[in-house]
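First comes the structure, then the notes that go with it.
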Amino acid sequence: MATESSNGASIVTLKDVTKTFYRGKEPIHVLAGLDLDVPSGSFEALMGPSGSGKSTLLNLIAGLDRPTSGEVTVAGANLSRMSDGQLAKWRSQTIGFVFQSFNLIPVLTAAQNVELPLLLTDLGGADRKSRVATALRVVGLEDRMDHYPRQLSGGQEQRVAIARAIVNDPKIIVADEPTGDLDRKSADDVLTLMDKLNKELGKTIFMVTHDPAAAEKASVQRKLDKGALQ
Amino acid sequence: MNSATYARRNLSRRKGRTILTVIATAVAVLIFCAIRTVDVNFMAAVDDAMADRIATRHKVSITMQLPKRYIDDVRGIPGVTKATWGNWFDAKDPKERIPFFQGLAVDHESWFDVYDDMVVDPAQLAEWKTTPSGVIIGDKLAELFQVKPGDKLTISSGIYPGDWEFKVIGIYMPSRRTVDRNSVILRWDFLNNDPRAELVKDQIGWILTRIGGNSSSAEMSRAIDKLFDERDDQTVTMSERAFNLSFMGAFAAVLTAFDLVSIVILLIMTLILANTLAMSVRERTNEYGVLRAIGFPPKSIFGFIVGESLLLATLGGLLGCVLTYVLINLMLGPWLESGPMATMFPYFRTPPRVMALAMGLALALGLLAGLLPARRAAKLKVTDALRRVD
Amino acid sequence: MVPVRYNIRSLLVRKVTTFATAIGIALVVFVFAAAQMLGEGVNRALANSGRTDTVIVLRKGSDAELSSTLDGERLNMLRSNSAVASSAPGGGVIGESVLVITAELADGSGGISNVLLRGMPADGMKFRPEARIVSGRAPSPGTNEVIVGKSISGRFEGIAPGKTFEVRRNRPLLVVGEFETGGTSYQSEVWGDLDTIRASVGRESVVSSARVRLTSASAFEGYRAAMEADKRLNLKVMREDDYFKKASEQTSGFLAGMGMVIAILFSIAAMIGAAITMNGAVANRTREIGTLRALGFSRLAILTSFMLEAIFLSLIGAAIGLLFVQLLALVSFPTMNFQTFSEIVIRFAATPAIMISSTIFAVAMGLLGGLAPAIRAARISPVEAMRG
Ligand SMILES: Nc1ncnc2c1ncn2[C@@H]1O[C@H](COP(=O)(O)OP(=O)(O)OP(=O)(O)O)[C@@H](O)[C@H]1O
Ligand SMILES: [Mg+2]
């Protein structure tokens, strides 16, 4: 159970959360009665064997999915009670996503990829431009603005993805195996960057990873096995 | 950048597919325009009829004749400004070089007054009025027969036996583009005095009447028919449009079939667009999952896909209109108008309104084609979309 | 050979795409087959109308019965030849008067069309053994009674059993029955008494045309030579079947020709549709193709495999198109006989030849559309496919 104290108030609270999938009629109990508290401003790593439900848990925290039962409260919002539309809006303001396979839009330049989340705001063109520039500067790729994803290395792509994740100034960044597709050097760059986001910009980071070295960087390491946190 | 950027950029992802789809749409638009052009121009002679001209014919049959004295009766009706008559001559080229043209035996005194959209040089007209065996022929037909005023012209008829020798007196020019330029116009009195026309002596095929400015054509038609209602040969009078149409009778069914067929090509176009969209959406499911995760609502995804579909349809539609203009209005049209089919299609161009209609339909069907894939993508659960890797 | 199973699976997995493409091909096949069926229908109606042992006599210069006239003297001349089967009804020669009348459609649309009215002597019906009354009775000779062909019965105002219509003022013609001639164009006519009908148009002394039954089909040339020899008679003698064939050529040629042009234009669109789909199939399976190549399948095997898939796709389309085109057999289509300006109602007629040619057409579309993608697939290098 994760009940350890932290300097900030909880930003993520899961209470008795279960998640059951159905493969046809047969139920798959992925999460069973899970409780979790993530303090604001922490950098947490979640590890565990494949199929243990890490991504499922992450999706619940990120508001991509809803629990079968139990309460998920993130940044003061009770996600279990929100409609799809409300969730989408909430995500755009609160969550930044980093995926294993970067998931940049291949037909858009780095800057345009970073700009995407801003299209959901009322910001004008000039404001968006400066925000994009700032985000790209944070990840150290301001000179690659006009490059397309295929013109970037994997590590650079992931850093653009991180810029996209922070451009909206979200409170929490969720990352599902962000270094899974990267070599050691690129992975370390990305992890250093995440550390910087956590330390300098105060972002809460919740990261799923298989990589012990990545988990090392986090301030808290958790282990999920058979649907329960160790 | 805005949301349209994404829809636009997506088209460049699989350039081959985009190009093929645009071409297919363009071909469909071209075919649609071509079919409508046949249709529109077939009806052009009918639709372009003069509003102040009404035609009177035998009530029972287009092949039955009226007594010649009817013309005087019609001329006596108040409101009638001019009236003339004509008979079918069923003209043929005895050497069978020219497949199809019209022959009319008409009243030389009044014909060109009523049909003032066939323009004849006054001197030639005056000469014709003193030359019973003279004919005035259309400029296109004169070209086909390679004759000029003063030349002899031999014609045969499906109705009257033997060869008929005429002298070409003049050429008429059309003042409107739907006027048939392939007619040979001979004098009715010349035909009537020939023993070969014994059976229809003093009979006329139809009467064409011009009515004064303030009389309605419906009222005048009734007045004419009422005049002959008690006679042996009753008449039916109608607008020139309806008169022209009555020769096409069952042809209407063919035109209906054409209309159906032009709907089929639109269906094919819709299917091709829908197929392309479905394939693209399938390939991009994961990406739509990412967009949804970032916070784009389902309706944005819907908009991206429909936007892409509309963009494809617009490109295809525009290319189709350009192709139509080049292939039909610049190439096929001029060729048809001067070739042996000229009688059928004196004017063969795709009117702008048909292209506008085709463009509108392409857009509407593009929208329709995008709806289904767009709905499916928008309805997908974010987590499912993200897991999709094929 | 790459197992055919892969192709079938590929088509099944991408249901929407397969379906959309197959329907596109089906529509083209439908149009292609329908055009031919229409032409065939016209052929059956017109070309089968005539007999080889019967000649039709017109005035020279006329192409059609409608514009021809023959007087009684000429009619008599036609009998005076040993080739005439004088024991046949009417002594082997009947003169008939045809008239095209304007009739208003009975569907209330106000549309008008032309109907062919044929006045025949008492033996006229017997002269055509294929004609039989299917409802009501035959008209009594010398009266105002007429019978209507089954194809147009009820199509026009007043031209249906029990109803009357006027050709001359206050002399209504009464429809007393319906007849059938085995689907030929006669079945789109109205038949009545010769004298009644020609009197009503004021041509008591003449007929439009004559039909002569010969002792045998081979007697034709001799008979024609004899009749056309006398230039003063001004006669045109044709075999009846040739006469109708000529009429049908114009009409069916026009319809089938138009239809064919349209279908071929359409096939361009459908071919592009097939190309898009097959391209997608190749793109989706780049990895799989690479694997197959790595396993030792030849380029030719890959090419064949994708061509087969394209053929399957077009066969599905052809099957759907041909299935639906059968429904047209239930539809009758009014068209115009160019020789008489009158309406003939024909049925779409399906023949095995049409079905086969349509299937071949569909397969050709599939092959042409699938060729470029299949070549692309065959050129995929195993190494690159596995990497990307
Ligand atoms: N939408 C779904 N429908 C059915 N089963 C699902 C679904 N999503 C996840 N599962 C199942 O839930 C279990 C946990 O999946 P999850 O993706 O959370 O695992 P994971 O811990 O992230 O594994 P990995 O380390 O391989 O990414 C697995 O058995 C998976 O098959
Ligand atoms: Mg996972």
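Summary of computed values
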{"quantity": "Distance histogram in 10 Å bins (all Cα pairs of chain C, percent per bin)", "calculated": "5, 20, 22, 16, 12, 10, 8, 5, 2, 0"}
{"quantity": "Rg(Cα) / (2.2 N^0.38 Å) computed for the stretch B:49-247, rounded to two decimals", "calculated": "1.01"}
{"quantity": "DSSP bridge pairs, the protein assembly as shown: antiparallel proportion in percent, nearest 5", "calculated": "70"}
{"quantity": "Principal semi-axes in Å for the protein assembly as shown [√(5λ), Cα gyration tensor, largest first]", "calculated": "81, 31, 25"}
{"quantity": "Helix axis angle, C:286-295 relative to chain C longest principal axis, alpha carbon, degrees", "calculated": "70"}
{"quantity": "Considering only chain B, percent of DSSP beta bridges that pair antiparallel, nearest 5", "calculated": "75"}
{"quantity": "On Cα atoms only, tilt of C:299-325 relative to the major axis of chain C in degrees", "calculated": "30"}
{"quantity": "Spatially proximal aspartates and glutamates relative to residue A:89 (Cα-Cα < 17 Å; intrachain offsets below 8 disregarded)", "calculated": "A:65, A:115, A:122, A:169"}
{"quantity": "Translational D in µm²/s for the stretch A:1-110 (Stokes-Einstein at 20 °C, 1.002 mPa s, Kirkwood Rh from C-alpha pairs)", "calculated": "139"}
{"quantity": "Projected-area average for the stretch C:6-119 over all orientations - Cα convex hull basis, square nanometres", "calculated": "14.5"}
{"quantity": "Cα-derived Rg to Rh of the stretch C:333-388, Kirkwood definition", "calculated": "1.47"}
{"quantity": "Per-residue Cβ neighbour rank within 10 angstrom, fewest leading, B:15, B:92", "calculated": "B:15, B:92"}
{"quantity": "Residue pairs, from the table B:59/C:150; B:148/C:231; B:92/C:126, whose Cα atoms sit over 28 Å apart", "calculated": "B:148/C:231; B:92/C:126"}
{"quantity": "Residue-averaged 222 nm ellipticity for chain B, from DSSP H runs of 4+ at -39500 (n - 2.57), nearest 500", "calculated": "-16000 deg cm²/dmol"}
{"quantity": "Rg [Å, one decimal], Dmax [Å, integer] - the stretch B:272-339, C-alpha atoms", "calculated": "19.4, 64"}
{"quantity": "Reach of residue A:223 by Cα under 22 Å, taken over lysines that are not fewer than 8 positions away in the same chain", "calculated": "A:15, A:19, A:54, A:203"}
{"quantity": "Chain A, relative contact order [Cα under 8 Å, separation at least 6], %", "calculated": "29"}
{"quantity": "Whole-number percent relative contact order across the stretch B:49-247, with pairs defined as alpha carbons under 8 Å at least 6 apart", "calculated": "36"}
{"quantity": "For the stretch B:49-247, share of DSSP beta bridges that run antiparallel, in % to the nearest 5", "calculated": "75"}
{"quantity": "Expected-Rg normalisation [2.2 N^0.38 Å, Cα atoms] applied to the stretch C:54-215", "calculated": "1.02"}
{"quantity": "Nonlocal amide H pairs with residue C:338, under 5 Å, H built at 1.01 Å", "calculated": "C:251"}
{"quantity": "The stretch A:188-229: proportion of alpha-carbon pairs further apart than 12 angstrom, %", "calculated": "62"}
{"quantity": "Whole-number D in µm² s⁻¹ for chain B, Kirkwood Cα-pair radius fed into Stokes-Einstein, 4 °C, 1.567 mPa s", "calculated": "52"}
{"quantity": "Hits among aspartates and glutamates - C-alpha to C-alpha of residue A:199 under 14 Å, sequence gap 8 or more where chains match", "calculated": "A:44"}
{"quantity": "Sorted by Cβ density within 10 Å, fewest first, the residues B:321, B:33", "calculated": "B:321, B:33"}
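Readers should treat all values here as calculations from the given coordinates under stated rules, not as data from a laboratory. What you see is a predicted model; the values in this text were computed from it and never measured. Counting neighbours? That spans all protein chains shown, and the Cβs are built from the backbone with ideal geometry, glycine included.
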